[in-house]
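All remarks here apply to the structure that follows.
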Amino acid sequence: MPSLPSLKCSGCGACGQICPKSAISMMPNNEGFLYPEIDSSLCVECRLCEKICPVLNVRSSTDFSERKAYAAICNDEKIRLESSSGGMFTVLAEKVIAEGGVVFGAEFDSDFSVMHGWTDSVCGLERFRGSKYLQSRTENTFLDCRKFLDDGRKVLYTGTPCQIAGLKAFLKKDYENLFTVDVICHGVPSPSLWQKYIKFREKKSASRIVKTAFRRKNDGWKLYSLSFTFANGSEYRQILTKDKYMQLFLKDNGLRESCYECSFRGNSHKSDITIADFWGVESLEKEFFDDKGTSLVIVQNEKGKRLVDSIKNSCCIKETDFSQAVKFNPAYFESKKRPKKRNVFFKNFERTEINELYIKFGKDSFFMKTKRFAARCLWHIRNIKNKKEAR
Ligand SMILES: Cc1cc2nc3c(=O)[nH]c(=O)nc-3n(C[C@H](O)[C@H](O)[C@H](O)COP(=O)(O)OP(=O)(O)OC[C@H]3O[C@@H](n4cnc5c(N)ncnc54)[C@H](O)[C@@H]3O)c2cc1C
């Protein structure tokens, strides 16, 4: 039987999609993350799964002569406000669709779990817009993507760095008509943690969730909110520092095991373009900061550069210093440290209520609260100073 990675498996699903006998299913473990399970009665030991696994065959790219970074903002204000950062995903995707192409991205399923899908219409892009902070299932999208590529359609596949590495390994060859975009990735939380949170909110509101968004900008881009709309017309919205799910996500206990030693950061990104929040933009490119969202766009190679050069009419974009920009976004290079309490977090996970998880693992200590308060004060003082200088 082939031996696939266990804890290092990123759950990209390439092994299941390459298997000629459909012997591999992606099944949730007790933490809620998908891992491959091989049906030995179907396996013919061709070992294709092992040969293409991006984690077993990890390689660093070496040529970064084309790597460039940009501050960017989508011209369409409505799209920008609906997006997590500056809306550059939509700008890139619309360009590919205008040329008859197909775009793959992460969308909510009917139960608000997250999976990958595709569209070839501009209105279909709405489903993929906005970050969903949990791991997405790639389902059969690598197979769908290969079919479109073989038919000669242009394809833009977007996802986390491990999903892009999985797609590239699955395809086994370069396609001139394929463009890939990944995000700078903090790490992916457990889909079960998210489901637990959804149930908690539904119980509190005594109503079913009909809509959710992780990055509402009512209080600005930096202090974004998670929101739910319920069937009874009520709404929940809370800023990231006060929302229980966001705090559990950002405290790192609920991340996938492989995220603590991610194989696809820094020089191991396999995408043509990486997009992210341009944290620190107010220091580096002041004129790109209005707290409505600014994207950091990192072009990884010549193909990525060509795509970015072609969208300059749909956005406001300026080259910036790569090494300075990523200083504000360490997740580009570094994985989050595995918290000491992670084992305890998942030990009684199924039986523990959200409130209890939050109190034990998500709530800020007094020291952290004071530090955050001081940082906010400093930020306001700097803002007032900048405004005075601009007058
Ligand atoms: C799990 C996760 C962690 C992230 N961590 C960081 C970070 O540490 N630092 C940082 O600067 N940025 C991070 N990002 C990226 C950031 O949140 C924005 O997605 C990015 O800046 C693009 O924003 P946008 O305005 O261009 O487009 P948006 O419309 O906001 O982004 C949509 C894009 O995100 C993809 N996407 C959304 N959810 C998922 C998902 N669950 N899995 C795979 N792809 C998804 C869509 O397919 C689409 O390509 C993370 C994103 C995710 C999904």
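The values are calculated or read from the model by the stated rules, or taken from the named source; none is laboratory data. Worth saying up front: this structure is predicted, and the values here are computed from it rather than measured. Neighbour counts are summed over all protein chains in view; Cβ atoms, including those assigned to glycine, are modelled from backbone coordinates with ideal geometry. All accessible areas refer to the heavy atoms of the entire protein, side chains included, with ligands and DNA or RNA removed. Shrake-Rupley method; radii C 1.70, N 1.55, O 1.52, S 1.80 Å.
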Item to check | Rounded to whole Hz, the Karplus (6.51, -1.76, 1.60) HN-Hα couplings of the range 78-88, x for glycine and proline | outcome: 5, 5, 4, 6, 7, 8, 6, 10, x, x, 6
Checklist entry - What is the sum of charges around Thr141, taking Lys and Arg as +1, Asp and Glu as -1, for the other residues whose C-beta is under 12 Å from the C-beta of Thr141? => result 0
Checklist outcome for this item: Excluding residues fewer than 8 positions from Lys305 in its own chain, the lysines with Cα under 23 Å of it are Lys68, Lys95, Lys154, Lys168, Lys172, Lys173, Lys270, Lys318, Lys327
Checklist entry - Can you list the lysines whose alpha carbon sits under 25 Å from that of Lys199, skipping same-chain ones fewer than 8 residues off? => result Lys132, Lys211, Lys217, Lys242, Lys244, Lys251, Lys341, Lys347, Lys360, Lys363
Checklist entry - Non-local amide H neighbours of Tyr224 (under 5 Å, H modeled in plane, Pro and chain starts lacking H): which ones? => result Leu240
Checklist entry - On the accessible surface of the chain, probed at 1.4 Å, how many percent belong to carbon and sulfur atoms? => result 52
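From the alpha carbon gyration tensor of the chain, can you work out the equivalent ellipsoid semi-axes (sqrt of 5 times each eigenvalue) and give them in Å, largest to smallest? Could the numbers behind the result be given before it?
Values: eigenvalues 201, 156, 82 Å².
Semi-axes (√(5λ), whole Å): 32, 28, 20.
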Next on the checklist: Please list 3J(HN,Hα) in residue order for the range 341-357, calculated via the Karplus relation 6.51 cos²θ - 1.76 cosθ + 1.60 where θ = phi - 60°; whole Hz, with x for glycine and proline.
Outcome noted: 8, 4, 4, 5, 4, 8, 4, 10, 3, 4, 8, 8, 6, 4, 4, 5, 4
Next on the checklist: Residue by residue through the range 24-39, what is 3J(HN,Hα) from phi via Karplus (6.51 cos²θ - 1.76 cosθ + 1.60, θ = phi - 60°)? Round to whole Hz and write x for glycine and proline.
Outcome noted: 10, 10, 8, 10, x, 8, 6, 9, x, 8, 7, 9, x, 10, 9, 8
Checklist entry - Based on Cα positions only, what radius of gyration and what Dmax would you give for the range 151-293, in angstroms? => result 18.3, 51
Item to check | Test item: Cα-centred dipole of the chain, Lys/Arg +1 and Asp/Glu -1 on Cβ, debye | outcome: 1640
Item to check | Per-peptide average of other Cβ atoms within 10 Å, ordering 49-56, 363-370 highest first | outcome: 49-56, 363-370
Checklist outcome for this item: With the 1.4 Å probe rolled over protein heavy atoms, the range 61-364 has an accessible area per residue in Å² of 42
Checklist outcome for this item: Taking placed amide H atoms and a strict 5 Å upper bound, the residues 5 or more places from Gly130 or on another chain that come that close are Ser84
Checklist entry - In whole Å, what are the Cα extents of the range 1-146 along the three principal axes, biggest one first? => result 54, 43, 32
Item to check | Placed amide H near Lys341: partners under 5 Å, 5+ positions off or other chain | outcome: none
Checklist entry - lysines near Lys388 by alpha-carbon distance under 20 Å, same-chain residues fewer than 8 away left out - which ones? => result Lys286
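From Cα pairs below 8 angstrom and at least 6 apart in sequence, can you work out the relative contact order of the chain, rounded to a whole percent?
Details: 712 pairs, mean separation 82.1, N = 391.
About 21 percent, as a whole number.
Around Lys341, with a cut-off of 15 angstrom between Cβ atoms, what is the net charge of the other residues, counting Lys and Arg +1 and Asp and Glu -1?
Working: positive: Lys251, Lys336, Lys337, Arg338, Lys340, Arg342, Lys347, Lys360, Lys363; negative: Glu31, Asp252, Glu257, Glu356, Asp364.
Within the 15 Å Cβ shell, the charges total +4.
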Checklist outcome for this item: Simple spin-label estimate for Asn232/Lys369, 7 Å along Cα→Cβ, in nm, reads 3.0
